[in-house]
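Presented below is the structure to which this report refers.
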Amino acid sequence: MIELTQVHKRFGQVHAVRGVSFRIEPGQIVGVLGPNGAGKSTTIRMITGSMPPTSGRVSVDGLDAVDDSLEVRQRLGYLPEANPLYPEMSVAGYLRYRAGLFGIRRSHRAAAINKVIDRCWLSEVTHRRLAHLSKGFRQRVGLAAALIHDPPVLILDEPTNGLDPSQIAETRSLIRDLAGDRTMLLVSHILPEVERTCDRIIVFAWGEIRADGTPDHLLSRGRATVVLEANAPTPDALVSALRALPGVSGIETAALDDGWVRATIEGKSRETDLREPIARACRDANLLVRELRPSKESLESLYLRLVQDEPGPAGKSKPGATP
Amino acid sequence: MTACWHIALREYASFFRTSIGWVVIALYMLLMGIWVARAIIPGEPASLRAVFQTSQILLLFVAPAVSMRLLAEERRSGTIETLGTSPASDWAIAFGKYFGALFFLLTMLAPTGLFLILLEVIADPDYGPIATGYLGVVLLGMLYLSVGLLFSSFTQNQIVAFLGTLFFFLILLLATTIGATALGEPWSEYLRILSLGARMEDFARGVIDTSHIVFFIVISFWFVSLTAMSLEFRRWR
């Protein structure tokens, strides 16, 4: 449905998007995740036809986003990050205007408007001015406007930005509702947002794709660690007892208030179970163990690790694995 | 085409939903009222010739106030992004905005019909030159709005768009009057082609010269086309 092939975008000296490629199948809900300035919004703007790529190809439904821009835009429902609206218009007036812009015939217009008003729970504010609406309602109007022509592709850029927690929950459940059989691209810099809603996550950082896959697939890239609590006299004593073990790549220790020491031991590979060798090492060193449990890296810390490092001077992107 | 129409309608309506439309109409009525009052001289024939002759100056402040927000406001508020990602081409956007402003200009002229009623009551005016005078004002307004639209596409700031348009026509006015006199032949001949005042004088006198009509329409459309290109350029930058 959406396909990007080796897409680059430069703004003068700034290389904002560096060779991004991905392919989104119809019906997929994809989260585009990354810190601010990672190139997410620029990528989205190239898909919506707001700006052409410096090089590479962007296509939607087989149509080129630059050459067949108007046809592509007809297929997209887009909610921009700032959700800009005309403050002087009424909710119904704005939706009527959008319906007209998307070429919905007069005879179908009322039905189309009523449908999105229903879906986005706007019936109580239909005749209110946009300037007088709360942020949560404004966001729903933006969503309704993006849906007015029943587009097969829905692109939402930071849809919960600036909302309060109850509005966020509300908007999230609305988004899940709206997905249906649509292809959806949900841009966010907040992990839980996409983790809960999306089938697939694409992580952007420094203009390139750092990871691409299902949340489980991404988790499998995370580090496996073992948490140990033992009655070592000092943290160093515990480290020296464990350091010699094969398969251990790192140990972090902390002295606990009750005199015990906690160690977080990182394995070289995710598959090897370090619990048994650790237990043996502690027995050999005459240490008493009160806790020994495996711990998987959370998506959160994996994500933070993925987006941290700057790219090398070549700035080449790793080709994203399609799930 | 439908997109162009919907953009024009929205634009037209928004003049009245915001205060700008009413302020501009009031300003135009005030300025025109002052000129009409000065034009009515006891014993002289009842004519608005003087009013139409000075339309170049009258509209100089009013038309840029109409055109300044057209695209600058869309850029400032960011709505240009939702507009630019709808299936409306840059040409539909430019022409839609332009026609919206033009419809407003025509609406703005309607209440000046009060002056005609007044004139009819106190005297027996000749409606021929008045009709051509109005035609001249509309054509002049078309030109002012098209240039104003282009300036509005350059900036996010309505004041900058307003002043840019104002300066553009002030410079044109100075060049075709003081400039033409100072430079003498053959420059004054060339500058006369660009002189809006000379063309307005013909309209005020009751003369319909096709070349004037063509001049205003062609140049206006040329500036609207430039605006469409300016929008396209923004995309490609």
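The values are calculated or read from the model by the stated rules, or taken from the named source; none is laboratory data. All values derive from a computational prediction rather than experimental measurement. So basically every Cβ, Gly included, is an ideal-geometry build from the backbone, and we count neighbours across all protein chains shown. These accessible areas exclude ligands, DNA and RNA; they are computed on the full protein's heavy atoms, side chains included. Shrake-Rupley method; radii C 1.70, N 1.55, O 1.52, S 1.80 Å.
Lysine pairs in the protein assembly as shown with Cα distance under 20 Å, only those 8 or more apart or on different chains: how many are there?
Final tally of qualifying lysine pairs is 6.
What whole-number value in cubic angstrom gives the convex hull volume per residue for the C-alpha atoms of the protein assembly as shown?
Working: hull volume 119.3 nm³, N = 560.
For the protein assembly as shown, the hull spanned by Cα atoms encloses 213 Å³ per residue.
Run through every distinct alpha carbon pair of the range A:65-214 and return the Kirkwood hydrodynamic radius in angstroms, one decimal place.
That comes to 16.2 Å for the range A:65-214.
Considering protein heavy atoms only and a 1.4 Å probe radius, which residues within the range B:190-237 exhibit an accessible-area decrease of no less than 20 Å² in the full assembly relative to the chain by itself?
Output list: B:235, B:236, B:237.
Please compute the Cα-Cα pair-distance distribution of the range A:223-296 with 10 Å bins starting at 0, giving whole percents from short to long.
Reading the bins upward from 0: 22, 60, 17, 0.
How about the range A:88-117: which trypsin sites (Lys or Arg not before Pro) there are in a DSSP loop, with at most 11 other Cβ atoms within 10 Å of their Cβ?
On the way: sites: A:96, A:98, A:105, A:106, A:109, A:115; in loops: A:105.
Hits after loop and neighbour filter: A:105.
Given Cβ point charges of +1 (Lys, Arg) and -1 (Asp, Glu) and nothing else, what value in debye, to the nearest 20, does the dipole of the protein assembly as shown about its Cα centre take?
380
Quick one: with all protein chains in place, what share of the accessible area of chain A is carbon or sulfur, to the nearest percent (1.4 Å probe)? Don't skip to the answer; put the middle values down first.
Working: 7170 of 14800 Å².
Carbon with sulfur: 48 percent of the solvent-accessible area.
In whole percent, and with a 1.4 Å probe on the protein chains, what portion of the accessible area of chain B is carbon and sulfur?
72
Per residue of the range A:55-69, what does 6.51 cos²θ - 1.76 cosθ + 1.60 with θ = phi - 60° give for ³J(HN,Hα)? Whole Hz please, x for Gly and Pro, Karplus curve as stated.
Taking θ as phi minus 60°, the curve returns 8, x, 10, 10, 9, 10, 6, x, 9, 6, 5, 9, 6, 10, 3 Hz for the range A:55-69.
Using the Karplus curve 6.51 cos²θ - 1.76 cosθ + 1.60 with θ = phi - 60°, work out ³J(HN,Hα) for each residue of the range A:25-31 in order, rounded to whole Hz, and write x for Gly and Pro.
For the range A:25-31, the Karplus curve yields 7, x, x, 6, 10, 10, x Hz.
Taking every pair of alpha-carbon atoms in chain A, give the share separated by more than 35 Å as a whole percent. Walk me through the numbers on the way to the answer.
Details: 19392 of 52003 pairs.
Roughly 37 percent, once rounded to a whole number.
Measure nothing fancy, just the Cα-based angle from helix A:91-101's long axis to the longest principal axis of chain A, in degrees from 0 to 90, nearest 10.
It works out to around 80 degrees.
Sort all Cα-Cα distances of chain B into consecutive 5 angstrom bins from zero, then give the percent of pairs in each bin up to the one containing the longest distance.
Going out from 0 Å in 5 Å bins, chain B shows 1, 7, 13, 18, 18, 15, 12, 8, 5, 2, 1, 0, 0 percent.
Tell me, how many Å apart are the Cα centres for the range A:12-90 and for the range A:109-133?
26
What are the ³J(HN,Hα) values, in whole Hz, obtained from phi via the Karplus relation 6.51 cos²θ - 1.76 cosθ + 1.60 with θ = phi - 60°, for each residue of the range B:99-104 in sequence order, with x given for Gly and Pro?
Rounded to whole hertz, the list is 5, x, 5, 5, 4, 5.
What quantity of accessible surface, computed with a 1.4 Å probe and excluding non-protein components, is buried in total between chains B and A, in Å² to the nearest 100?
Heavy-atom accessible area buried at this interface is about 2300 Å².
Taking the simple approach of a point 7 Å from Cα along Cα-to-Cβ for both residue B:46 and residue B:106, what is their distance in nm?
About 2.7 nm separates the two model spin labels.
Regarding the range B:150-193, what is the average projected area of its C-alpha convex hull, in nm²?
3.3
Name the long-range amide H neighbours of residue A:232: under 5 Å, sequence gap of 5 or more, or other chain; modelled H, no Pro or chain starts.
Residues meeting the criterion, in which the H sits 1.01 Å from N, are A:261.
With only alpha-carbon atoms in the gyration tensor, what are the semi-axes of the equivalent ellipsoid for the range A:1-148, in Å, largest first?
Whole-Å semi-axes of the equivalent ellipsoid: 31, 18, 13.
Taking amide H positions as placed in the peptide plane 1.01 Å from N, state which residues far from residue A:201 in sequence (5 or more) or on other chains have amide H under 5 Å from it.
Hits under the 5 Å cutoff: A:31, A:213, A:214.
Please work out how much length the chain gains when fully extended from residue B:77 to residue B:167, using 0.36 nm per residue of separation minus the C-alpha to C-alpha distance, in nm with one decimal.
29.9 nm
Please check the range A:68-105 for residues whose accessible area, probe 1.4 Å, is lower by 30 Å² or more when all protein chains are in place than in their chain alone.
Residues of the range A:68-105 that lose at least 30 Å² of accessible area once the other chains are added: A:70, A:73, A:78, A:80, A:84, A:86, A:88, A:89, A:97, A:98, A:100, A:101.
Once you sort the root eigenvalues of the Cα gyration tensor of the range A:29-88 as a ≥ b ≥ c, which label holds: rounded (a/c under 1.5), prolate (a/b larger than b/c) or oblate (the other case)?
Taking the square roots of the gyration eigenvalues as a ≥ b ≥ c, the range A:29-88 is oblate.
Would you check the accessible area of residue B:18, probe 1.4 Å, heavy atoms only, in square angstrom rounded to 10?
Here the accessible area works out near 40 Å².
Under a 10 Å cutoff between Cα atoms, tell me which one of B:225, B:211, B:67 has the largest fluctuation in the Gaussian network model of chain B.
Evaluated over chain B, the most mobile residue of the options is B:211.
Between A:232, A:65, A:16, find the one with the highest GNM mean-square fluctuation for chain A; connect C-alpha pairs within less than 10 Å.
A:232
Could you state the angle between the C-alpha long axis of helix A:106-119 and the longest principal axis of the C-alpha atoms of chain A, as a value from 0 to 90 degrees rounded to the nearest 10?
30
Connecting C-alpha atoms closer than 10 Å in a GNM of chain A, tell me which of A:108, A:15, A:132 has the biggest fluctuation.
A:108
Going by alpha carbons, how many degrees (0 to 90, nearest 10) lie between the helix axis of B:2-17 and the longest principal axis of chain B?
Relative to chain B, helix B:2-17 is tipped by roughly 60 degrees.
Using the heavy atoms of the protein chains and a 1.4 angstrom probe, tell me the accessible area per residue for the protein assembly as shown in square angstrom.
45
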